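Structure, as structure tokens:
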Amino acid sequence: MVSACASDAGAAGIPYQELEAGVVKSGGDVSLELRGISKNYGRKSVLAEVSHTFTPGLTLLTGPSGAGKSTLLRMIATVEKPTRGDILWNGARLPAARGKLRTTLGYAPQAVDLPEDLTAREFAMHMAALKGLSLRAADKQFGAITDAIGLHADINNRIASFSGGMRRRLIFAQALLGARRVLALDEPTAELDAETARKLGALLLERARDAIVVMTTHLADELAPSAIAVLRVEAGMVAHSS
Amino acid sequence: MTTVMRSSLATSLARYRRSWGLWLLLLIAPIGARYMLPIDGTGVIIAIGNQLPEMTSPFLGVSLGIVVSTLMLPIAWLYLRSNTTRRQPWQIEEITPASRVAIALGRFGADVLVLLAMLAALTVAGWFLGWLLVPPRPFNLAEIAFALWLVAAPALMGLAALRVLFDARPLLRSGFGDFLYFVLWIASIAVPAATQGQSPSFATNMVDFAGFVTPLQYGAPGEPGDFAIGGADVEPGHVQLDVMAGLLSPGYIASRWAWAAIAVAIAALAGLIYRPHLTRRRRGKPGRLTTWLAAGPPPRAIADAPPARRASLAWLNLVGAEFKLIGSGRAFWLLAASIAVASALVDFRHMASPAALLLLAFALSAHAGRSEARGLLRLTKTAPFAPMARRAAFVAAGAGWTTLLALPALVRAPALDTLGLAVGTGAAAALIASALASVSGSAFAPRLVLLVLWYGYFSAP
């Protein structure tokens with residue numbers, strides 16, 4: 001089933017329009033293309049014939065629960081492969097180009113088994129090392145990111161003591177480490193209060209100037225005015241609205 | 001209460017039935033028995049005096065009981081402790097008014113049934129092995145089963161009770177619980193030796209939790225005692241051992257029933273002393289030690305910090321990060337420094353190296369477990385370094401830690417043997433921890449296996 005999507009701003013909620021006037025879009029030299037991708041789990045079809053080219057800027061994935069938004073995001077984040085179709089990074093097909101994409105990819109899934117006995121900072125450095133980043137520089141960047149989203153005071157505390165919202169912010173912060181050109185974010189604003197969600201949104205829009213930012217969100221109405229595209233996923237089909 | 005107990009038993013059993021590990025457990029017992037049985041001087045030798053006993057049906061049953069005590073008690077603990085029933089929805093369950101005693105007894109019942117199913121598989125395997133090994137001497141299925149179940153069933157019930165008990169208290173749910181189980185298991189095998197040479201009674205048999213000492217020593221010809229299990233040198237010929245006399249000796253059967261009853265009581269006690277998982281609230285200010293052990297305040301944030309650049313030596317960077325995360329926390333550094341200092345003063349092979357490995361058994365398994373958690377792996381897979389590269393870095397970092405702790409010993413007396421031992425033990429321990437954590441997705445399996453291997457390393461000449 002295909003349905004259209006309106007990208008009008010919601011009346012209530014977070015005033016993103018105040019943060020960013022108009023659509024956040026800039027000239028960028030990167031592209032991520034989905035070419036007719038489908039995903040099946042056994043006999044069940046989750047996504048069918050999805051095609052879209054992502055360019056730098058914010059792209060929102062909306063739609064009801066279970067529609068296939070997170071599956072689409074996982075394929076963009078190279079966690080899953082499509083059953084049919086191709087994903088191209090700067091014109092080169094995955095999986096051949098997967099390594100190159102991963103050097104510049106930041107991914108924040110909805111839920112992660114966070115290492116409870118580590119501090120947030122130790123976990124971030126673990127992720128930075130896996131991303132091949134300089135640990136000293138990553139530590140400074142992590143400090144700046146967590147400062148912007150109100151987590152900095154707790155980065156030396158163990159994750160076991162974190163609330164749901166703090167965990168969500170930590171998952172978000174690790175995705176931003178390094179100079180990411182692609183950010184795949186699954187509901188990064190869930191479980192956050194309005195003020196924190198606003199801070200996080202501001203940071204994202206700043207990143208969207210030169211990076212492809214794809215996110216699923218329940219705050220589509222508030223973010224849509226700043227997005228270059230809103231893809232509504234419903235029953236495995238995708239409708240575009242730019 | 002009966003409804004809760006029945007429901008707890010049924011749901012636990014349903015989850016066990018859907019676990020592939022159960023089939024593995026049912027297979028390991030017979031396969032382990034085949035390779036551990038004392039067949040013509042091979043396998044684990046059970047010697048009376050300096051000779052092997054004649055293979056009779058009751059002796060085969062007791063031998064299988066020894067397989068349970070030495071091999072299956074740690075393996076079954078691994079299975080029960082890491083199986084799906086342990087991942088209960090406790091957040092919801094703990095706020096219900098259901099009796100914790102009933103829940104504990106239900107889970108204990110399910111654990112016991114699983115372990116007895118394993119024992120049944122071992123019994124059938126024992127019958128088959130008996131058919132091959134016992135003739136031309138009288139071959140009796142009932143005697144094999146009687147001896148095996150009398151020796152092993154109470155020990156397995158005790159294991160199930162400890163599993164439920166160790167899930168009841170926060171401290172015992174942690175790695176400390178695994179370490180304590182390891183100590184108890186070693187003690188259950190070693191302590192009965194204290195009764196060697198004594199006449200059997202209810203009191204002496206109660207010391208023998210594993211249950212194989214009396215059947216071996218009471219039925220021996222001549223003076224009781226003087227038996228060995230393991231790598232003993234044996235002389236040609238066989239000794240006549242009346243195992244049935246040992247099994248029916250004064251106080252033996254009563255002691256086995258007593259252990260079974262104690263197991264049920266421990267399971268009920270687990271329900272009584274159960275403490276919820278909910279995070280404890282600290283009262284008042286943290287103590288000096290807690291403050292010192294904590295990481296301290298974060299450094300000042302630099303708001304305009306640029307995006308982190310790629311490291312020039314990214315792989316070395318990764319090894320360094322793994323090295324730091326293996327040794328995370330000031331408590332680790334304090335213990336590591338003490339061991340390093342000690343390595344300059346004491347025998348390296350028998351004191352410093354085992355101490356370093358014991359510390360690293362916990363540190364390596366903790367870091368391997370957290371890195372291999374399924375949910376985290378889905379995230380780390382999207383990083384440029386593949387999980388296998390991280391595992392290689394982890395092994396290198398493990399070898400780095402043992403080498404670092406051996407440095408004072410090497411400075412005192414430079415020797416290739418010491419260096420080789422340090423690098424080799426660290427790399428091997430890290431490799432085992434990484435492999436087991438990647439299979440199990442947790443720190444638990446590598447921790448227990450490393451502790452068992454550590455004991456072997458520590459006690460080897």
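What follows is calculated from the coordinates using simple rules that are stated; it is not laboratory data. The structure presented is a predicted model; accordingly, all values stated were derived computationally and were not measured. As a convention, Cβ positions derive from the backbone with ideal geometry for all residues, glycine included, and neighbour counts pool all protein chains shown.
Normalised radius of gyration for segment B:314-459, please: alpha carbon Rg relative to 2.2 N^0.38 Å, two decimal places. If you can, show how the numbers build up before the last one.
Working: Rg = 15.0 Å, N = 146, 2.2 N^0.38 = 14.6 Å.
Relative to the 2.2 N^0.38 Å estimate, segment B:314-459 comes out at 1.02.
For segment B:162-270, what percent of Cα pairs sit more than 17 Å apart?
Numbers: 3662 of 5886 pairs.
That tail contains 62 percent of the Cα-Cα pairs.
Sorted from largest down, give the three principal axis spans of the alpha carbons of segment A:16-241, whole angstrom values.
Principal-axis extents of the Cα atoms in segment A:16-241, largest first: 45, 38, 34 Å.
Go ahead and run the numbers for FRET between B:VAL191 and B:LEU171, Cβ-Cβ distance against an R0 of 22 Å, rounding to 0.05. Kindly include the intermediate steps, with their values, before the conclusion.
Numbers: r = 24 Å, r/R0 = 1.07.
E between B:VAL191 and B:LEU171, to the nearest 0.05, is 0.40.
I need B:LEU216, B:LEU313 ordered by Cβ neighbour count within 10 Å, fewest first. Walk me through the numbers on the way to the answer.
Numbers: B:LEU216 25, B:LEU313 11.
Ranked by crowding around the Cβ, least crowded first: B:LEU313, B:LEU216.
Note down the magnitude of the dipole of chain B about its Cα centre, charges +1 on Lys and Arg C-beta and -1 on Asp and Glu C-beta and zero elsewhere, to the nearest 20 debye.
Numbers: 36 positive and 19 negative charges, 625 e Å.
Dipole about the Cα centre, nearest 20: 3000 debye.
Would you calculate, for the protein assembly as shown, the mean residue ellipticity at 222 nm contributed by helices, counting each DSSP H stretch of 4 or more residues as -39,500 (n - 2.57) and dividing by all residues, to the nearest 500?
-17000 deg cm²/dmol
Under the √(5λ) rule applied to the eigenvalues of the Cα gyration tensor, what semi-axes describe the equivalent ellipsoid of segment B:285-394? Give them in Å, descending. Present the calculation step by step, with values, prior to reporting the outcome.
Working: eigenvalues 171, 97, 44 Å².
After scaling each eigenvalue by five and taking roots: 29, 22, 15 Å.
Can you give the percent of C-alpha pairs in segment B:2-272 whose distance is more than 27 Å? Don't skip to the end; give the middle numbers.
Values: 14297 of 36585 pairs.
Tail of P(r) above 27 Å: 39 percent of Cα pairs.
Arrange the following residues from fewest to most other Cβ atoms within 10 Å of their Cβ: B:TYR181, B:TYR35, B:TYR274. Present the calculation step by step, with values, prior to reporting the outcome.
Numbers: B:TYR181 22, B:TYR35 12, B:TYR274 18.
Fewest-to-most Cβ neighbours within 10 Å comes out as B:TYR35, B:TYR274, B:TYR181.
As a footprinting exposure proxy, order A:LYS44, A:LYS69, A:LYS199 by other Cβ within 10 Å, with the fewest listed first.
Working: A:LYS44 8, A:LYS69 25, A:LYS199 18.
Exposure proxy ranking, most exposed first: A:LYS44, A:LYS199, A:LYS69.
What average number of partner chain Cβ atoms lie no more than 10 Å from the Cβ of the residues making up B:381-391? Don't skip to the end; give the middle numbers.
On the way: counts 6, 15, 15, 13, 5, 3, 1, 0, 2, 3, 0.
Average per residue, whole number: 6.
Could you give the radius of gyration (one decimal) and Dmax (whole number) of the Cα atoms in segment B:413-461, in Å?
12.8, 41
Given a Förster distance of 56 angstrom, what is the FRET efficiency for A:ASP113 paired with B:SER201, based on the Cβ-Cβ distance and rounded to 0.05?
Values: r = 52 Å, r/R0 = 0.93.
The formula returns an efficiency of 0.60 here.
Nearest 10 degrees is fine. How inclined is helix B:353-371 to the longest principal axis of chain B, computing both from alpha carbons?
Rounded to the nearest ten degrees, it is 70.
Using only the Cα atoms of chain B, construct the convex hull and provide its projected area averaged over every direction, in square nanometres to one decimal.
28.0
Measure nothing fancy, just the Cα-based angle from helix B:416-440's long axis to the longest principal axis of chain B, in degrees from 0 to 90, nearest 10.
Computed tilt is about 80 degrees.
For a 26 Å ceiling on Cα separation, which of these pairs sit above it: A:LYS69/B:LYS324; A:LYS100/A:LYS199; A:LYS140/B:LYS324; A:LYS39/A:LYS100?
A:LYS69/B:LYS324; A:LYS100/A:LYS199
What aspartates and glutamates sit close enough to A:LYS81 to cross-link, taking a C-alpha to C-alpha distance under 17 Å and skipping anything fewer than 8 places away on the same chain?
Candidates past the 8-residue exclusion: A:GLU33, A:GLU49.
I need the peptides B:359-368, B:328-337 ranked by packing, meaning the mean over residues of other C-beta atoms within 10 angstrom, with the highest value on top.
Ranked by mean Cβ neighbours within 10 Å, highest first: B:359-368, B:328-337.
Just counting partner chain Cβ atoms within 10 Å, what average do the residues of peptide A:113-120 show around their Cβ?
Values: counts 11, 5, 9, 2, 9, 6, 5, 2.
Taking the mean over all residues of the peptide, I get 6.
Percent of alpha carbon pairs in the protein assembly as shown separated by more than 46 Å? Numbers along the way, then the final one.
Details: 83114 of 246753 pairs.
Above the 46 Å cut-off, the protein assembly as shown has 34 percent of its Cα pairs.
Cβ under 14 Å from B:PRO58's Cβ, B:PRO58 left aside: what net charge do those residues give with Lys, Arg +1 and Asp, Glu -1? Spell out each step's value before the answer.
Working: positive: B:ARG137; negative: B:GLU54, B:GLU143, B:ASP242.
Charge balance near B:PRO58 sits at -2.
So what's the net charge close to B:PHE458: Lys and Arg +1, Asp and Glu -1, counting the other residues with Cβ under 14 Å from its Cβ? Please report the intermediate quantities before stating the final value.
Numbers: positive: B:ARG349; negative: B:ASP347.
For residues surrounding B:PHE458, the net value is 0.
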